[in-house]
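A.B. asks: Next up is a structure, given as structure tokens.
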Amino acid sequence: MTPAPDDTDAARPAIDALHRRLIEGVLEPLGLESSVATAELVNALAAGLAQDSGRLAELQNRHYRKRLDLWAAYALNRPEAPPQPVIEPDPADRRFRAPEWKTQPWFAFTEQSYLLAAEWLREIIAIAKLEPHAKRKLEFFTRQYIDAMSPANFPWSNPEALKLASETDGESVSRGLRNLAADLDKGMISMTDESAFEVGRNLAISPGAVVYENDFMQLIQYRASTEKVFERPLVMIPPCINKYYILDLQPENSFVRYAVERGHTVFMVSWRNMPPAMGRATWDDYLQHGVIRALAVARQICGAEKVNALGFCVGGTLLGAALAVLRAQGDERVASLTLLATMLDFSDTGELAVFVDETYVRQREREFADGGVLHGRVLALTFASLRANDLIWNYVVSNYLKGGTPEPFDLLYWNGDSTNLPGAMYVYYLRNTYLENNLRVPAKLAMLGVPVDLGRVDMPAYVLATREDHIVPWRTAFASTRLLGGRIEFVLSASGHIAGVINPASKNRRNFWLSAQPEPEPDRWLATAKSQPGSWWKHWGDWLAAFGGHEIAARGQLGNAQYREIEPAPGRYVKETCG
């Protein structure tokens with residue numbers, strides 16, 4: 001049976017348009033959207049290759065021989081039996097697992113041609129003598145191009161899509177075009193069945209109430225589930241670039257619920273999804289009206305002398321900076337600090353480093369000089385581009401070429417629920433962390449009128465990194481142990497930035513590493529560390545219990561006379577969408 005050619009041909013312009021839109025979106029945050037920037041990189045590549053013409057000639061000759069071998073094999077071979085491959089795909093590459101890529105000559109030749117071209121491009125970049133940042137940028141840009149141009153991404157060269165179009169008489173193509181139109185209208189690729197989730201219905205449903213709010217955040221207090229609680233509350237500071245409910249997904253994987261069940265009175269900052277009118281809000285505003293205010297309100301509601309504090313990702317960076325301010329002011333009312341997948345030292349930011357250089361930061365500073373917000377979808381696409389095959393092209397194929405519907409997955413639903421950031425706060429963060437790495441230098445920065453020194457943040461700290469993190473490399477998270485002034489418990493969790501953190505103790509999955517002896521360098525630490533089965537949650541819970549203070553009777557009411565319940569959790573702010 002032949003594919004439905006009319007339907008497939010009709011899909012081609014739309015899919016081409018999709019590729020252009022997606023590639024433009026990936027390149028824009030890189031600062032490569034202009035032809036001038038692209039030309040500069042190409043010129044730098046040419047100059048870098050010219051410095052070693054001998055190696056370039058050897059590479060070209062080797063690639064040419066492989067091309068000749070491929071052409072000869074198919075010219076001389078019987079059509080019904082493809083020859084042995086000249087190059088093998090990575091075993092972990094799921095794009096070419098359909099049998100047709102090996103058994104059908106056209107598809108086999110297409111796969112081999114693509115893999116050879118991809119190998120040649122990677123080797124060209126590898127031998128070029130370039131300034132390190134330019135080389136890293138070119139490597140990233142090249143990978144984006146290679147991933148985008150895979151024959152599996154196009155309807156006329158994907159055997160599974162063609163077969164499905166034939167078997168459904170073109171219905172899969174029609175569904176795919178409808179999916180494409182809906183996503184283009186939405187401005188984001190659908191990665192999960194969004195109809196399966198709703199914040200407040202089956203996500204972010206831990207019982208509680210908003211007990212305080214301002215223009216920057218709502219503060220949620222969760223209801224106790226135990227008869228006795230620790231006297232010191234636990235205040236959680238999530239990343240402001242995402243919604244807070246990554247820490248309170250569904251009951252079975254809610255970190256909030258776990259902490260409540262361990263006897264902690266938990267408060268959560270729910271950051272506001274910033275409107276354009278708040279575009280001039282600053283980093284200091286987030287510290288003063290967000291982190292510091294939340295710590296103070298929680299302490300006042302519980303009548304506690306001290307609180308415990310936890311920060312996740314950018315929330316941890318904000319928390320570390322806020323604690324440095326408080327310590328400089330002589331405030332010692334935070335008993336312990338937990339940092340989850342957080343950077344305080346930005347010496348190595350992994351692949352995110354390709355996005356941030358002086359040119360890019362200056363562009364953004366000009367863009368937001370008069371206010372405005374960074375749209376959450378820009379950041380979402382930036383992070384997705386770090387794993388484009390998994391988080392972009394995989395869904396292009398399944399949703400558009402095959403007309404499928406993604407499976408329900410709460411983590412991916414949260415991932416697509418973006419938030420806007422004030423432009424002023426964003427560019428300050430870019431320049432002083434990612435670009436200049438000023439936060440790690442004592443007294444280099446003044447925040448809220450005082451010089452900040454992370455070395456003065458001397459309460460006990462639990463620092464968690466995740467081993468496969470592509471956003472906060474674990475060795476970079478480890479660098480916090482050299483900056484903070486207190487006793488550090490460093491823990492390394494398996495998996496990545498999200499799955500390594502949201503790993504419920506009840507499921508007993510994965511593992512984590514501990515070391516009994518402190519080490520100044522991450523690889524020396526890892527050499528002494530021992531793997532522990534299951535989730536790190538219980539280990540953290542046991543650690544935090546030592547700083548909870550006395551046990552007291554659980555409070556029957558949320559808030560107090562000064563801070564009354566405003567509305568039930570999860571509150572209004574978390575439900576606001578990007579405008």
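The values are calculated or read from the model by the stated rules, or taken from the named source; none is laboratory data. Since we're looking at a predicted model, the values are computed, not measured. Positions of Cβ are backbone-derived with ideal geometry, glycine not excepted, and every protein chain shown enters the neighbour counts. These area figures cover heavy atoms from the full protein model, side chains too; ligands, DNA and RNA do not enter into them. Shrake-Rupley method; radii C 1.70, N 1.55, O 1.52, S 1.80 Å.
A.B. asks: Which residues in region 360-384 place their backbone N less than 13 Å from a point set 7 Å from the Cα of HIS133 along the Cα-to-Cβ direction?
C.D. replies: So the set is 360-363.
A.B. asks: Could you run the Karplus curve 6.51 cos²θ - 1.76 cosθ + 1.60 with θ = phi - 60° over region 418-432 and give me ³J(HN,Hα) per residue in whole Hz, x for Gly and Pro?
C.D. replies: My calculation for region 418-432 gives 7, 10, 8, 10, x, x, 5, 5, 4, 6, 5, 4, 4, 5, 8 Hz in order.
A.B. asks: Tally up the carbon and sulfur contribution to the accessible surface of region 489-545 as a whole percent, 1.4 Å probe, everything protein left in place. Don't skip to the end; give the middle numbers.
C.D. replies: Numbers: 1270 of 2530 Å².
Roughly 50 percent of what the probe reaches on region 489-545 is carbon or sulfur.
A.B. asks: Would you work out the Kirkwood radius for region 394-464? I mean one over the mean of 1/r across all pairs of different Cα atoms, in Å.
C.D. replies: With all distinct Cα pairs of region 394-464 included, I get 16.6 Å.
A.B. asks: How high is the relative contact order of the chain? Use alpha-carbon pairs under 8 Å, at least six apart in sequence, and give a whole percent.
C.D. replies: It comes to 18 percent, rounded to a whole number.
A.B. asks: Using the Kirkwood radius over C-alpha pairs as Rh, can you work out the diffusion coefficient of region 426-579 via Stokes-Einstein at 37 °C, viscosity 0.692 mPa s, in µm² per second?
C.D. replies: So the translational diffusion coefficient is about 175 µm²/s.
A.B. asks: Right, another one. Considering only DSSP states other than H, G, I, E and B, which GluC sites (Glu not before Pro) in region 184-220 qualify as loop sites with at most 16 other Cβ atoms within 10 Å?
C.D. replies: GLU198
A.B. asks: Short version: ³J(HN,Hα) in whole Hz for each residue of region 238-247, in order, from phi by Karplus 6.51 cos²θ - 1.76 cosθ + 1.60 (θ = phi - 60°), x for Gly and Pro, what are they?
C.D. replies: Once θ is set to phi - 60°, the couplings for region 238-247 become x, x, 7, 8, 9, 6, 5, 6, 4, 8 Hz.
A.B. asks: Taking all pairs of distinct Cα atoms, average 1/r, flip it, and tell me the Kirkwood hydrodynamic radius of region 279-409 in Å to one decimal place. Write out the running numbers ahead of the final one.
C.D. replies: Values: mean 1/r = 0.0549 Å⁻¹.
Mean inverse Cα-Cα distance, inverted, gives 18.2 Å.
A.B. asks: Continuing with this model, one more query. Student exercise: in region 59-213, how many lysine pairs 8 or more apart or on different chains have Cα atoms under 30 Å apart? Walk me through the numbers before you get to the answer.
C.D. replies: Working: LYS66/LYS102; LYS66/LYS129; LYS66/LYS135; LYS66/LYS137; LYS102/LYS163; LYS129/LYS137; LYS137/LYS186; LYS163/LYS186.
Taking the Cα cut-off of 30 Å, the pair count is 8.
A.B. asks: Select from TYR563, ALA461, PHE355 the residue farthest towards the positive end of the dipole of the chain; place +1 on Cβ of Lys and Arg, -1 on Cβ of Asp and Glu, and compute about the Cα centre.
C.D. replies: ALA461
A.B. asks: Using modelled amide H (1.01 Å from N, peptide plane; none on Pro or chain starts), what sits under 5 Å from the amide H of VAL334, excluding residues fewer than 5 places away?
C.D. replies: Residues meeting the criterion, in which the H sits 1.01 Å from N, are VAL307.
A.B. asks: I've got another one for you. Could you work out the relative contact order of region 268-325? I mean the mean sequence separation of Cα pairs under 8 Å and 6+ apart, divided by the number of residues, in percent.
C.D. replies: For region 268-325, the relative contact order is 34 percent.
A.B. asks: Here is a further query. Treating only the Cβ atoms of Lys and Arg (+1) and Asp and Glu (-1) as charged, compute the dipole magnitude of the chain about its Cα centre; round to the nearest 20 debye.
C.D. replies: With only Lys, Arg, Asp and Glu charged at Cβ, the dipole is about 1020 debye.
A.B. asks: So, one more: Under 8 Å for C-alpha pairs, at least 6 residues apart: give me the relative contact order for region 500-579, rounded to a whole percent.
C.D. replies: Across region 500-579, relative contact order equals 25 percent.
A.B. asks: Per residue of the chain, what 222 nm ellipticity follows from adding -39500 (n - 2.57) for every DSSP H run with n ≥ 4, rounded to the nearest 500?
C.D. replies: -12000 deg cm²/dmol
A.B. asks: With unit charges on the beta carbon (Lys/Arg positive, Asp/Glu negative), name the residue among PHE140, ILE87, ALA165 whose Cα is farthest towards the positive pole of the charge dipole of region 78-190.
C.D. replies: PHE140
A.B. asks: Could you give me the ³J(HN,Hα) list for region 333-346, computed from phi with Karplus coefficients 6.51, -1.76, 1.60 and θ = phi - 60°, whole Hz, x at Gly and Pro?
C.D. replies: 3J(HN,Hα) across region 333-346, in whole Hz: 8, 10, 7, 8, 10, 10, 10, 10, 6, 10, 10, 10, 9, 10.
A.B. asks: If you don't mind, there's one more thing I want to ask. Quick check on packing: order 237-243, 397-403, 497-503 by the mean number of other C-beta atoms within 10 Å, highest mean leading.
C.D. replies: Ranking the peptides 237-243, 397-403, 497-503 by packing returns 237-243, 397-403, 497-503.
A.B. asks: Just the number, please: percent antiparallel of the DSSP beta bridges in the chain, rounded to the nearest 5.
C.D. replies: Within the chain, antiparallel bridges account for around 50 percent of the total.
A.B. asks: Next question, about the same structure. Just to confirm the filter: which trypsin sites (Lys or Arg not before Pro) across region 453-520 are DSSP coil and have at most 14 other Cβ within 10 angstrom of their Cβ? Don't skip to the answer; put the middle values down first.
C.D. replies: On the way: sites: ARG456, ARG467, ARG475, ARG482, ARG487, LYS507, ARG509, ARG510; in loops: ARG467, ARG487, ARG509, ARG510.
When the trypsin sites (Lys or Arg not before Pro) of region 453-520 are filtered for loop state and at most 14 Cβ neighbours within 10 Å, ARG487, ARG509 remain.
A.B. asks: Quick one: P(r) of region 302-360 from all Cα-Cα pairs, 10 Å bins, percents rounded to integers, in order of increasing distance.
C.D. replies: 21, 40, 25, 12, 3
A.B. asks: Going by average Cβ density within 10 Å per residue, which order do the peptides 257-266, 184-193 take, highest to lowest?
C.D. replies: Result, highest mean Cβ count within 10 Å first: 257-266, 184-193.
A.B. asks: Hey, can you grab everything whose amide H is under 5 Å from the amide H of VAL373? Only 5+ residues off in sequence or another chain; H modelled, so Pro and N-termini drop out.
C.D. replies: When sequence neighbours closer than 5 places are left aside, the close amide H contacts are GLY423.
A.B. asks: With every protein chain kept in place and ligands, DNA and RNA left out, what is the accessible area per residue of region 79-149? Probe 1.4 Å, answer in Å². Could the numbers behind the result be given before it?
C.D. replies: Details: 3730 Å² over 71 residues.
Solvent-accessible surface per residue comes out at 53 Å².
A.B. asks: From the gyration tensor of the Cα coordinates in the chain, what semi-axes in whole Å does the equivalent ellipsoid have, largest first, with each one equal to sqrt(5λ)?
C.D. replies: Each semi-axis is √(5λ); the values are 46, 28, 23 Å.
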